[in-house]
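Report on one structure; see the data block that follows.
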Amino acid sequence: MSSDAACFHCGLPVPQETDFKLEIEGIERSMCCLGCQAVAQAIVENGLQEYYRHRTAMPATGHELIPAELSKLALYDHPEIQKSFVIENDPHIKQASLILEGITCAACVWLNERHLQQLAGVKAVQVNYANHRARISWDEREIQLSRILKEIQLLGYNAHPYNALKQEELRRKGRSRDIRRIAVTGLSAAQVMMLAVALYAGAALGMDESTAHLLRYVSLLLTLPVFLYTAVPFYISAGHAIKSRYLNMDVPVSLAIITAFAGSVWITLRGDGVVYYDAITMFTLFLLSTRFLERNAREKSVEATENLLKLVPAMALRLRDGQQEVVAVLDLVAGDIILVKPGEAVAADGEVAAGISSVDEALLTGESRAVQKEIGDLVIAGSINLEGPLEVRVTGIGENTVLAGIVRLLDRAVAEKPRLALLADQIAERFTYVLLALTLAVALAWWWHDPDMVLEIVLAVLVVTCPCALSIAAPAAFAAAGSHLLKQGILLTRGHALETLAKVTHVVFDKTGTLTFGKPKLNQVLPFGTLDAHACLRLAASLEQASEHPLAQSFLERIGRNELHSVTEAQNFPGKGVTGLIAGQRYTLGNRMLSPLTLVQEDRTLDVAPGATMVWLCDEQKVLAAFEISDELRPDAKGLIDELKSHGLAVSILSGDSNQAVQHFADRLGITDYQGALHSEDKLSAMKAMQAGGAVVAMVGDGVNDAPVLAGADVSLAMGGGTQVARASSDIVLLSEKLPDIWRALRAGQSTMTVMRQNFVWAAGYNLLALPFAAMGYIPPWLAALGMSVSSLVVVLNALRLRQI
């Protein structure tokens, strides 16, 4: 038997024979089981009592976990299982992408984040309320994933590894459910509207009262599916909002539907008066339709990236001991050789070990032309091999691929709301309070003036001024722009990126890898001592073998791996060069800022190509050699610079390269503001000086080097090819590595802000204009429903124009 009391934690009835109680905030609370008591005790002991004040829905039951279930969770600690959804950012620091089931409100997100963050060893927790995806980082030396999953289950939620196909299945079910609701509402609305026309015409032409009475009852029956089924999500959302003391747009929506239905039922039973079943069905139909369109637009940016993950095949053809074997992609390890036949998708990130072919990377980079691949070139999981067979040496699978890195960056962008979107939410919330107050005032005024008109006027005011358009004005614009840019190979990784791009007044470029291709070529070796050119080149390549700088490849491609010296105490100095010990002797390789020697100005007498960079090899006593290295200017760089300047944007170059090299490229591009021989801190200081003068700075770099400079800019863009994507610290990643995309992104930011302002003006103007007419009785409820829906549709359709930018 159960008592009348409900469990304070999960809401289930409390059995009479149980005695599970806990004092919370000075009040003794009853629990239905030991599990709920344990969960509540954990919440109280961790200082999370606010959860009970802010939650808007009950969690799943907190019954004790079955030992068999705990043993299943332990399987997630197995390295083979973790390969598909866990990455290792640093030694012992792991990150997993999970889906949380049971999330019903913002309080659920708050509880999971707060509780998990208090566990020893958990480094970061971020739960995305929109898609219920959680990113969790932890130190495996202090805590295991199974313990984290157990804690989530103890809170009453379920977590499982993120899977793009499963997520798509959940979305498909959600869309089917939405379409089913729209279909039911549409059928009801069509029939009710025909009856409403008969009722309105009958009132003017003298319809028999018994016929009118019958039509009202039939309309009631046709409206019941709408009221009891399709409009239920509005009631649930409104109920959650009221419980959390945060009024959203569904509060006036639900109030309007319930008021109209209750009033119409009363009039139907009384047998005299005007019913509003037509307004209820139309209002619900238009509202469901506009929200369906808005939700689809919002999900496009997420789907566009997740569709990439679906391109990665589940199986691969591995080559081992001259034999071919079909294996699961998750069974591959770094170093495996896989065969990719023409027409097949590449199963893992890797580098070409044998073969020559062209590869289609259009879905990743937006580049419609196939990319030629030969031995040593990198290929990305999900790209399509078009011509000849390729043997690929695996470098990354699962969460360690470029595509998985893109999803993580996009998750970060989606989780961060832009400032204007937050402002719109605040305005919509306050407007809801104002609307309810005005509705009450209008109702009292009409009650005093003409009580028979109160229901119609109140209904019209509630419906016509619903702040739906105001709430979606910003999200619809950002979602449409983000989805379109991603298809063009421009990935937004921060929520504020588009908003800041619209304000940019100054664009700062790093030179190497940005204005140039970032693939320097070694032109000549100039030895100064007793070592010959080849010996100097061996020393230089050995020092560079652990470096990520583009210059390193110009040395390494000239020396075979078996010729490299062993290097100890290797150190990298950003903007300067590298040092290390070879056979007990310390060598340095870099520019003049790195060398401890007072270098003789040999380069003044050397025949150096215009724009070339000189790199110096020194031991502890003398200069051993100089290397002349040059890079090619991107062919579209001049066009971009001219475009930026023609639109009034200031352009600068801040580079760590020599002054002579920077000047050469600046002169070719027509840039008058440039600085060379800068450390990362010097670049940051120069950029801060621009910002202090009122400039809004966009920094364009390579996404890996100069991370502090990118972080210090108002908005940063990275040329993000290859594995750099997963490590980019910028706000925007140019996957296509096309310079014209920089102007396209800037223009997108400006267009997005223009569209968003138009949406705000339209939404606010419509509400301010329609409110007095509705309050004075000039707008009937059915027209109010049409006007509200048209207002929301205008906002969504206006936002969709951003797909054409």
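The values are calculated or read from the model by the stated rules, or taken from the named source; none is laboratory data. Here the structure is a predicted model, which is why all the values come from computation and not from measurement. Every residue, glycine among them, receives a Cβ derived from its backbone with ideal geometry; neighbour counts consider all protein chains shown. When the accessible area is computed, the model is the full protein with side chains, heavy atoms only, and any ligands, DNA or RNA have been set aside. Shrake-Rupley method; radii C 1.70, N 1.55, O 1.52, S 1.80 Å.
Explain nothing, just the number: relative contact order of the stretch 421-527, from Cα pairs under 8 Å at least 6 residues apart, as a whole percent.
Computed over the stretch 421-527, the figure is 23 percent.
Based on the mean of other Cβ atoms within 10 Å per residue, sort peptides 179-191, 440-452, 345-357, 393-405 so the most packed one is first.
393-405, 345-357, 179-191, 440-452
FRET efficiency for S358 and D673, Cβ-Cβ distance as r, R0 = 45 Å, nearest 0.05?
The computed FRET efficiency comes out at 0.65.
Going 7 Å from the Cα of Y217 along its beta-carbon direction, which residues of the stretch 185-199 have the amide nitrogen within less than 20 Å of the resulting point?
Flagged as within label range: 191-199.
Tell me which of H534, L491, S471 sits at the most positive position along the dipole axis of the stretch 441-599, charges placed on C-beta atoms (Lys, Arg +1; Asp, Glu -1).
Of the listed residues, the answer is H534.
Roughly how many Å² is the accessible area per residue of the stretch 723-805, as a whole number, for a 1.4 Å probe?
I get 41 Å² per residue for the stretch 723-805.
Tell me the label-point distance for the pair R586, E387, using the 7 Å Cα-to-Cβ offset, in nm and rounded to one decimal.
5.0
Could you give the nm distance between label points at A190 and E28, where each point is 7 Å from its Cα heading toward the beta carbon?
Taking the simple label geometry, A190 and E28 are separated by 6.2 nm.
Could you work out how much longer the chain between Q126 and V197 gets when fully extended? Use 0.36 nm per residue separation minus the Cα distance between them, nm to one decimal.
Result for the pair: 20.3 nm of gain on full extension.
By average Cβ neighbour count within 10 Å, what is the ranking of 553-559, 579-585, 431-437, 206-212 from highest down?
My ranking of the peptides, most packed first, is 553-559, 431-437, 579-585, 206-212.
Could you rank the peptides 316-325, 667-676, 487-496 by their average count of other C-beta atoms within 10 Å per residue, with the highest value first?
Listed from highest to lowest mean packing, they are 487-496, 667-676, 316-325.
Past 29 Å, Cα to Cα, is the threshold; run K373/K738; K645/K683; K519/K576; K503/K576; K21/K94; K622/K688 against it and keep the listed order.
The answer is K503/K576; K21/K94; K622/K688.
What distance in nm separates the two pseudo spin-label positions at E557 and L444, each 7 Å out from Cα along the beta-carbon direction?
8.0
Gain in length, I81 to R320, computed as 0.36 nm per residue apart minus the alpha-carbon separation, to one decimal in nm?
83.7 nm
About its Cα centre, what dipole magnitude does the stretch 647-801 give when the only charges are +1 on Lys and Arg Cβ and -1 on Asp and Glu Cβ, stated in debye to the nearest 20?
640
If I take R0 = 35 Å and measure r between the Cβ atoms of I258 and M207 in this structure, what FRET efficiency does the formula 1/(1 + (r/R0)^6) give, to the nearest 0.05?
Calculated transfer efficiency: 0.80.
Calculate the FRET efficiency for A711 and N523 from the Cβ-Cβ distance with a Förster distance of 25 Å, rounded to the nearest 0.05.
Here the calculated transfer efficiency is 0.15.
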